[in-house]
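Input: a single structure, listed below in structure tokens.
The values are calculated or read from the model by the stated rules, or taken from the named source; none is laboratory data. Please read these numbers as outputs of a predicted model, since none were measured by experiment. Every residue, glycine as well, gets a Cβ built from its backbone with ideal geometry; the counts of neighbours run over all protein chains shown. Side chains are part of the model used for accessible areas, which takes the heavy atoms of the whole protein and leaves out ligands, DNA and RNA. Shrake-Rupley method; radii C 1.70, N 1.55, O 1.52, S 1.80 Å.
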Amino acid sequence: MFVISSPEPIAFTLFGFPIYWYGIIMAAAIFISALVGNFLFNKINPDLKKDIIISIAPVLIICGIIGARLYFCLLNGDYYFTHPLEIFDIREGGLSIHGALILGIFGLLVAAFKNKIPPLKILDSLACSVLLGQSVGRWGNYFNSEAFGLPVAGQNWGLFIPESLRPVNFSDFSLFHPTFLYESVLDLAGFFVLLFVIGKFGKKYTGLTFCLYLILYALIRLIVEQIRVDSAFNIGTIPIAQVISFVMLLGGIVGVLFIVKKASLR
């Protein structure tokens, strides 16, 4: 019997203030994404301003966190509209990657325009490194006992979820699919795919890595969302995450076709 135990969400207490593993892991994921993205940008674009990603990282981080939190709170509006002060409390989780991408990309476009850097060149490098960061960040969900899937058949393996955190309709089950782990592994595999793409085609096909990121991450979420049980919001019976992922998938495919066709006409 292989069981992934339920962890303690608090890493330590500092001056009586609890420090959560979720926050530590998210900070590590952001740090890794910025460093790797900056390295890739410098390597792929030797003729452009060095360390641009490090210099604009504070703007991207702030936009990403605000976007991730607001998106999550809007999807859970019934609760946060009646508890508005809790919108500012992100220590225990409550961030959405789709919201981070939307506002983060907006911040990136503004920063790229200000620094006179082609935004797609920054997006290519960050698309690769962000997927690595997402792989790390998913472990924050593990420490919060969230982002898990359906109960596993047989109940002889899986992720243990405390009874207080189980969905009501699955309260009689204790072991669930560790979907956080599935996505973490898939994100890591996607990172290596994008690392190969940006290394081999990054200079010739600007924007290709970013568009492939949209495709890969959309596919990952479409797969994983099939068995997750904690969707924040549904459109009918379809989780909003699947709807957004489908839009990302279509956008990525159109982008790849446009970039390849444009390059062939040169």
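Is it the case, given these coordinates, that Leu95 is over 24 Å from Tyr205 (Cβ atoms) and in a loop (DSSP other than H, G, I, E, B)?
When the stated conditions are applied, Leu95 passes them.
What number of residues in the stretch 135-165 are open to solvent by 40 Å² or more (accessible area, probe 1.4 Å) and among the hydroxyl-bearing types (Ser, Thr, Tyr)?
1
Is at least one residue of the stretch 219-231 modelled with pLDDT under 95, crowded, with 18+ Cβ neighbours inside 10 Å and touching a His at 6+ places or on another chain (Cβ under 7 Å)?
No; the residues of the stretch 219-231 include none that is modelled with pLDDT under 95, crowded, with 18+ Cβ neighbours inside 10 Å and touching a His at 6+ places or on another chain (Cβ under 7 Å).
Look at the stretch 14-45 and say how many of its residues are at pLDDT 90 or above and open to solvent by 80 Å² or more (accessible area, probe 1.4 Å).
Of the residues in the stretch 14-45, 5 are at pLDDT 90 or above and open to solvent by 80 Å² or more (accessible area, probe 1.4 Å).
Among the residues of the stretch 1-34, write down those that are in contact with a Pro (Cβ under 9 Å, 6 or more places away or on another chain), of a type in the set (Gly, Ala, Ser) and not in a strand (DSSP E or B).
Passing the criteria: only Ser6.
So is Ile215 part of a helix (DSSP H, G or I), at pLDDT below 95, under 18 Å from the mean Cα position of the chain (by Cα) and of a type outside the set (Gly, Ala, Ser) or not? Even if it seems obvious, please write down each step before you answer.
Working: part of a helix (DSSP H, G or I): yes; at pLDDT below 95: no; under 18 Å from the mean Cα position of the chain (by Cα): yes; of a type outside the set (Gly, Ala, Ser): yes.
Answer is no for this residue.
From the list Gly158, Gly140, Gly190, Gly133, exactly one residue is under 20 Å from Val224 (Cα atoms), in contact with a strand residue (DSSP E or B) (Cβ under 6 Å, 6 or more places away or on another chain) and not β-branched (Val, Ile, Thr). Which is it?
Answer to the check: Gly158.
Consider the stretch 46-60. How many of its residues are assigned to a helix (DSSP H, G or I) and open to solvent by 60 Å² or more (accessible area, probe 1.4 Å)?
Summing the residues that are assigned to a helix (DSSP H, G or I) and open to solvent by 60 Å² or more (accessible area, probe 1.4 Å) in the stretch 46-60 gives 4.
Regarding the stretch 166-182, can at least one residue be identified that is in a loop (DSSP other than H, G, I, E, B) and open to solvent by 70 Å² or more (accessible area, probe 1.4 Å)? Can you show your working first?
If we filter the stretch 166-182 for residues that are in a loop (DSSP other than H, G, I, E, B), which is where we start, we get 166-167, 171-174, 177-178.
Keeping just the survivors that are open to solvent by 70 Å² or more (accessible area, probe 1.4 Å) gives 172-173.
For the stretch 166-182, residues in a loop (DSSP other than H, G, I, E, B) and open to solvent by 70 Å² or more (accessible area, probe 1.4 Å): present.
Quick check on this structure: which one of Ile97, Ile105 is among the β-branched types (Val, Ile, Thr), over 25 Å from Pro7 (Cα atoms) and either free of Cβ contacts under 8 Å to residues at least 60 places away in the same chain or surrounded by 20 or more Cβ atoms within 10 Å (Cβ to Cβ) (or both)?
Ile105
What is the one condition in (1) within 26 Å of Gly199 (Cα to Cα); (2) in a helix (DSSP H, G or I) that Ile117 does not satisfy?
In the conditions (1) within 26 Å of Gly199 (Cα to Cα); (2) in a helix (DSSP H, G or I), Ile117 misses (2) alone.
Among the residues of the stretch 68-79, count how many are open to solvent by 10 Å² or more (accessible area, probe 1.4 Å) and either of a type in the set (Ser, Thr, Tyr) or closer than 17 Å to Met26 by Cα (or both).
Matching residues across the stretch 68-79 total 5.
Taking interchain pairs and intrachain pairs at least six residues apart, which have beta carbon atoms under 7 angstrom, with the first residue in the stretch 199-212 and more than 16 Å from Val130 (Cβ to Cβ) and the second open to solvent by less than 30 Å² (accessible area, probe 1.4 Å)?
Partner pairs satisfying both residue conditions: Phe201/Leu208; Lys203/Ile44; Lys204/Ala263; Tyr205/Ile259; Tyr205/Ala263; Thr206/Asp124.
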